[in-house]
Amino acid sequence: MSVFTPVSAAEARALLGHYSLGELERLEGIAQGVENTNYFLTTTTGEYVLTLFEHIPRSDLPFYVGLMDHLAHHEVTCPAPMRMDDGEMIAEVNAKPACIVTRLPGEPKARPDALVCREAGRILGGIHVAGVDYDAALDNWRGRAWRESFAQAVAPKLTREENVLIDAENRYQAIHDDSILPQGIIHGDFFHDNVLWDDTGNGGVIDFYFACDDALLYDVAIGVNDWCVNPDATLDTARARAFIAGYETLRPLEDFERSLWPVMLRRAALRTWLGRLGYNHFPRDSEMTIPKDHQFSRRLLENHISRAHELESTLA
């Protein structure tokens with residue numbers, strides 16, 4: 001979340017005129033994140049989040065907003081999109097498509113322990129199970145084609161060693177076919193700062209704007225790579241096992257998923273590294289934004305490559 005497109009109080013009031021959400025009380029920009037413009041929006045009826053979509057194609061927005069609406073009605077704690085008086089969920093603010101969703105209570109766990117990781121895995125499993133009944137689909141725009149093309153685009157800005165590592169990993173990933181893996185709706189960005197924990201210990205998931213159709217195991221790997229790593233960018237086996245155990249309470253992994261687990265961990269680390277390189281080397285103008293450490297993602301990939309046996313042991 002960030003602020004790329006400023007929204008004034010008057011503009012927010014004009015938007016609220018299309019909803020039955022009461023009168024504006026407070027509008028506050030959110031600095032976290034790097035993709036969309038986000039504001040906390042407080043009205044006389046409650047607390048919400050206003051999102052302006054900066055780069056997502058308009059044709060894809062019904063998938064994302066509809067997914068949140070679907071999950072919110074299928075036992076997943078997540079932001080629920082608000083409907084305008086005409087029934088639509090997607091509005092427009094300052095020439096940008098926008099939506100208003102409920103604001104979840106709570107805060108992220110900065111240092112999740114094994115118990116928190118187990119619950120996080122269960123939450124992700126719930127998303128995957130609920131997603132089976134969602135009747136829309138969207139290809140992963142950050143799949144193989146993106147990884148390979150973006151590697152070429154960012155290459156002039158990187159060191160020789162970085163380019164060698166990225167090229168080698170892209171070639172490694174290209175020889176592993178994930179089409180045999182169970183596919184479905186994935187969150188695509190299941191990091192610890194995208195789960196808010198309330199006072200009762202219930203976790204609510206936010207930021208579904210990387211969601212798409214892909215291998216479900218890949219989503220598990222994205223989660224483990226964030227929730228279950230040490231400060232030195234190595235995998236914490238105990239937390240990883242807890243995360244997967246929680247996940248398997250709702251969707252047990254299949255044998256051929258286990259065989260590709262190290263591949264998926266490496267793929268997830270590569271995608272995150274490339275994405276953060278993009279935010280670092282091709283920054284966009286923003287009034288508020290907090291960048292993330294791309295060098296950590298590089299070290300994570302390097303550790304995954306050199307510690308293959310540790311990756312396998314997380315599924316023991």
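The values are calculated or read from the model by the stated rules, or taken from the named source; none is laboratory data. Keep in mind that this is a model prediction, so the values were computed, not measured. Quick reminder, even Gly has a Cβ in these numbers, built from the backbone with ideal geometry, and neighbours come from all protein chains shown. Protein only, heavy atoms only, side chains kept; ligands, DNA and RNA dropped before computing areas. Shrake-Rupley method; radii C 1.70, N 1.55, O 1.52, S 1.80 Å.
General observations
- Residue within segment 177-192 that is in contact with a Pro (Cβ under 8 Å, 6 or more places away or on another chain) and either open to solvent by 60 Å² or more (accessible area, probe 1.4 Å) or in contact (Cβ under 8 Å) with a residue 60 or more places away in the chain (or both) present: yes
- Selection within segment 98-117 - surrounded by fewer than 20 Cβ atoms within 10 Å (Cβ to Cβ) and part of a helix (DSSP H, G or I): A114, L115
- Restricting attention to segment 33-61, the residues that are under 20 Å from the mean Cα position of the chain (by Cα) and either assigned to a loop (DSSP other than H, G, I, E, B) or surrounded by 15 or more Cβ atoms within 10 Å (Cβ to Cβ) (or both) total 20.
- Evaluation of V205 against (1) touching a Cys at 6+ places or on another chain (Cβ under 6 Å); (2) under 24 Å from N280 (Cα atoms) (one fails), failing number: (2)
- Test: residue in segment 277-295 that is modelled with pLDDT of 95 or more, open to solvent by 30 Å² or more (accessible area, probe 1.4 Å) and not aliphatic (A, V, I, L, M): no
- Residue in segment 15-26 that is open to solvent by 20 Å² or more (accessible area, probe 1.4 Å), closer than 27 Å to W141 by Cβ and touching a helix residue (DSSP H, G or I) at 6+ places or on another chain (Cβ under 7 Å) present: no
- Of residues in segment 238-258 being out of contact with any strand residue (DSSP E or B) (no Cβ under 9 Å at 6 or more places or on another chain) and among the charged types (D, E, K, R), the one least open to solvent (accessible area, probe 1.4 Å): R251
- Scanning segment 206-220 for residues that are of a type in the set (G, A, S) and either over 24 Å from R299 (Cβ atoms) or in contact with a strand residue (DSSP E or B) (Cβ under 6 Å, 6 or more places away or on another chain) (or both) turns up at least one hit.
- Listed by first and then second residue, the pairs linking a residue in segment 207-231 that is more than 17 Å from E312 (Cα to Cα) and open to solvent by less than 10 Å² (accessible area, probe 1.4 Å) to a residue that is in a loop (DSSP other than H, G, I, E, B) and of a type in the set (S, T, N, Q), with Cβ atoms under 9 Å apart and 6 or more places separating them unless they lie on different chains, are C212/N140; A215/S179.
- Any hit, segment 193-202, residues being hydroxyl-bearing (S, T, Y) and without any contact (Cβ under 8 Å) to a residue 24 or more places away in the chain: yes
- Subset of segment 64-86 (residues that are in a loop (DSSP other than H, G, I, E, B), open to solvent by 30 Å² or more (accessible area, probe 1.4 Å) and either in contact with a Phe, Trp or Tyr (Cβ under 9 Å, 6 or more places away or on another chain) or without any contact (Cβ under 8 Å) to a residue 60 or more places away in the chain (or both)): H73, H74, E75, M82, R83, D85
- Positions within segment 121-153 being farther than 30 Å from N202 by Cβ, among the hydrophobic types (A, V, I, L, M, F, W, C) and crowded, with 18+ Cβ neighbours inside 10 Å, in sequence order: F150, A151
- Residue check, L181 modelled with pLDDT of 95 or more and closer than 21 Å to V132 by Cβ: yes
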